[in-house]
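See below for the structure under consideration.
No lab work stands behind these numbers, since they all come straight from the coordinates. Remember, predicted model here, so these are calculated numbers, not experimental data. Every residue, glycine among them, receives a Cβ derived from its backbone with ideal geometry; neighbour counts consider all protein chains shown.
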Amino acid sequence: MTERDYKTVSRTIAALCEGETDIIAKMATISCELYQALDGFDWVGFYRVVEPGLLKIGPYQGGHGCLVIPFDKGVCGACATSRTTQIVEDVEAFPGHIACSSSTRSEIVLPVFENGNLVAVLDVDSDNPAEFGEHDREALEAILAANF
Ligand code: SME
């Protein structure tokens, strides 16, 4: 597991997103910056809540992602249902994991709230096993809270 330094990318994201109200523009910017800045981030993207119980893909970086995820499916669905961050050290051990890429080994998925409402989840996949931990959860939750 990499102990990443999020200071620089957090500051960059805050500067780029300052004053921006368009959620898609912010999602595109955050996906791009996280993907470019951080080792082990092999897929980064958002799934938006488009209707009760349904997620649909939003801005992302990396290979193609599946377009639609019901709340009762996958790690993203577990995050949306529980409204809590999911850290998966071994995706093959997660019941119902949706493999958009056969190279994914670990994953972190975080809820995105606006005014207390769940509006999306942020999905980060890594080709490395057990890539994410509490440090990543705290830093990524802080980035999301600061920009949405
Ligand atoms: N792995 C996710 C699906 C999204 S693709 O990985 C981009 C899941 O199990 O919900």
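Mind giving me the FRET efficiency for residue 39 and residue 68? R0 is 22 Å, r the Cβ-Cβ distance, nearest 0.05 is fine. Intermediate values should be presented prior to the final figure.
Working: r = 30 Å, r/R0 = 1.36.
So, using R0 = 22 Å, E works out to roughly 0.15.
No solvent, one uniform scatterer per C-alpha: report log10 I(q)/I(0) for segment 8-112 via the Debye equation at q = 0.10, 0.23 1/Å, two decimals. Ignoring solvent entirely, the Cα scatterers give -0.28, -1.39. Here the spin labels are modelled as points 7 Å beyond Cα on the Cα-Cβ line, and at residue 84 and residue 102 they lie 3.5 nm apart. Placing unit charges on the Cβ atoms only, positive for Lys and Arg and negative for Asp and Glu, gives the chain a dipole magnitude near 400 debye about its Cα centre. Modelled label positions at residue 94 and residue 14, each set 7 Å beyond Cα in the direction of Cβ, lie 2.9 nm from each other.
In a fully extended conformation the segment linking residue 56 and residue 3 would gain 16.0 nm over its present Cα-Cα distance, using 0.36 nm per residue. Helix content alone sets the calculated 222 nm mean residue ellipticity of the chain: runs of n ≥ 4 DSSP H residues at -39500 (n - 2.57) each, divided across all residues, give -10500 deg cm²/dmol. Between the residues 101, 40, 58, the greatest Cα displacement towards the positive end of the dipole of segment 7-147, with unit charges on the Cβ of Lys, Arg, Asp and Glu, is found for 58.
Within segment 75-148, the trypsin sites (Lys or Arg not before Pro) that combine a DSSP coil assignment with at most 16 other C-beta atoms in a 10 angstrom radius are 83.
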